[in-house]
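See below for the structure under consideration.
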Amino acid sequence: MSAFELSREHEEFRRSVRDFAEAEIAPHVAQWDREHHFPVDVVHRMGKLGLFGLTAPEEYGGAGLGAEDGPFTSLCLAIEEIGRVDQSLGVTLEAGVGLGINPILTFGTEEQKQQWLPDLLAGERLAGFGLTEPGAGSDAGATRTKAVLDAGEWVIDGAKQFITNSGSDITSLVTVTARTGTRTSASGEEKPEISAIIVPSGTPGFTVEPSYDKLGWHISDTHPLSFEDCRVPEANLLGDRGRGYAQFLSILDDGRVAIAALAVGLIQACVEQCAAYAAERQTMGGPIGRKQGVAFQVADLETMLHSSRLLTYRAAAMKDAMGQPGGPSTAEFKHAAAIAKLHASESAVTATRIATQVFGGYGFMEEYPVARFYRDAKILEIGEGTSEVQRMLIARGLGLPVE
């Protein structure tokens, strides 16, 4: 897995998604961003293009791609191309698949899959992933939300925050982690038993709080959630009882690569905007791009783009090859995912800073897209595992006993 190459089919797919993004999203994104408008109709059109079903089997309405077709690589390409035009809709797709669909597809019962997946894979509905809490971010093991069995129902009490796709008009469910008891470890230590439970939208006691006033990702649907005596059937347990934390951590490995792809799309946009502006903007008798102080910065953007893209799609190819003869181990993939996410997300933040500087005073004006890029970038270093968490995982992969 030291090298990879995108297939002709992948490149054709990239072009089709780019054409869609340029035609359906680009003309409207500035207005949507100003108005904090979540365009449900565009999500539906993304669904009709098949973007939400790329990694799922045909029996539930997915694309049914085999490992040799690189389904996860296709998803990353779609996220990159949507993210090149708008990061908010890019993360809507990323979270819709990685955090909404994947937990059910990976750990759900056949009944749960039949009930929820068809609409999610079609892009008719969205699902959220309720892990983060007011007092439990990177330390997800500190979950305080509780669920108690009572007369065949889970009774859930607690709160979640920063949950994407959780309160839109088309959200059908949120999967949440909750303490369902305690377990004694081999050393005799009492540890919380954390399980995952599906909570349908509209369930009494499940409240979607008003959306956040965010620095960036203005188009994305993001809410805090609260649960008070919220009752769902016992059959809504997702996966094995007590395995919710481990299940969600495994889901996050895929999500890190997908976030890296989102970052690659943003860097690509910065390169394109800066190269065009540096060639056109005239000052002191010629274009600013003739000056090394500007040209070298754009060259640095191009270098960050290529390194981030290579790391991202190497990790995506590893994901597609897992379980195949000669494929990577889970540990190897986790290591590659952390490296890709760390490098691409931090490069994206740097790229937007450079882009704003290249544009000068205009870069500070909302009429130019680099201002939006600058606002949208920072969360890439935080969501689905902070840069510090990625460094910790990478160091542990090298055998270091880092805490």
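The values are calculated or read from the model by the stated rules, or taken from the named source; none is laboratory data. Only a predicted model underlies this, so the values are computations on that prediction, with no experimental measurement involved. Because the Cβ atoms are built from the backbone with ideal geometry, glycine has one as well, and the counts that use them run over all protein chains shown.
Points worth noting:
- Residue match in segment 335-345 (condition: farther than 18 Å from Ala315 by Cβ, of a type outside the set (Val, Ile, Thr) and more than 17 Å from the chain's Cα centre (by Cα)): no
- Scanning segment 165-190 for residues that are among the hydroxyl-bearing types (Ser, Thr, Tyr) and touching a Ser or Thr at 6+ places or on another chain (Cβ under 8 Å) yields Ser166, Thr171, Ser172, Thr177, Thr180.
- 1 or more residues closer than 26 Å to Asp86 by Cα, touching an Asp or Glu at 6+ places or on another chain (Cβ under 6 Å) and modelled with pLDDT under 95: qualifying helices (runs of 4 or more DSSP H) within segment 329-403: none
- Selection count where residues are under 29 Å from Leu252 (Cα atoms), in contact (Cβ under 8 Å) with a residue 60 or more places away in the chain and crowded, with 22+ Cβ neighbours inside 10 Å, scope segment 337-369: 10
- Note on segment 130-149: among residues that are polar (S, T, N, Q) and within 19 Å of the chain's Cα centre (by Cα), the one that is nearest to Pro224 (Cα to Cα) is Thr132.
- Within segment 167-188, tally of residues that are under 30 Å from Gly47 (Cα atoms), touching a residue at least 60 places away in the same chain (Cβ under 8 Å) and among the polar types (S, T, N, Q): 3
- Restricted to segment 63-97, and to residues there that are touching a Phe, Trp or Tyr at 6+ places or on another chain (Cβ under 8 Å) and among the small types (Gly, Ala, Ser), the residue that is nearest to Phe52 (Cα to Cα) is Gly96.
- Residue that is surrounded by the most Cβ atoms within 10 Å (Cβ to Cβ) [pool: residues in segment 189-210 that are free of Cβ contacts under 8 Å to residues at least 12 places away in the same chain and not in a strand (DSSP E or B)]: Gly202
- So Ala122, is it modelled with pLDDT under 95, surrounded by fewer than 19 Cβ atoms within 10 Å (Cβ to Cβ) and of a type in the set (Gly, Ala, Ser): no
For every residue, the table says whether it meets (1) closer than 30 Å to Arg314 by Cα; (2) touching a residue at least 12 places away in the same chain (Cβ under 8 Å); (3) crowded, with 19+ Cβ neighbours inside 10 Å.
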| site | (1), (2), (3) |
| --- | --- |
| Tyr212 | no, yes, no |
| Leu249 | yes, yes, no |
| Gly255 | yes, yes, yes |
| Leu262 | yes, yes, yes |
| Ala269 | yes, yes, yes |
| Gly286 | no, no, no |
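- Residue that is surrounded by the most Cβ atoms within 10 Å (Cβ to Cβ), among those in segment 272-284 that are of a type in the set (A, V, I, L, M, F, W, C) and touching a residue at least 40 places away in the same chain (Cβ under 8 Å): Cys274
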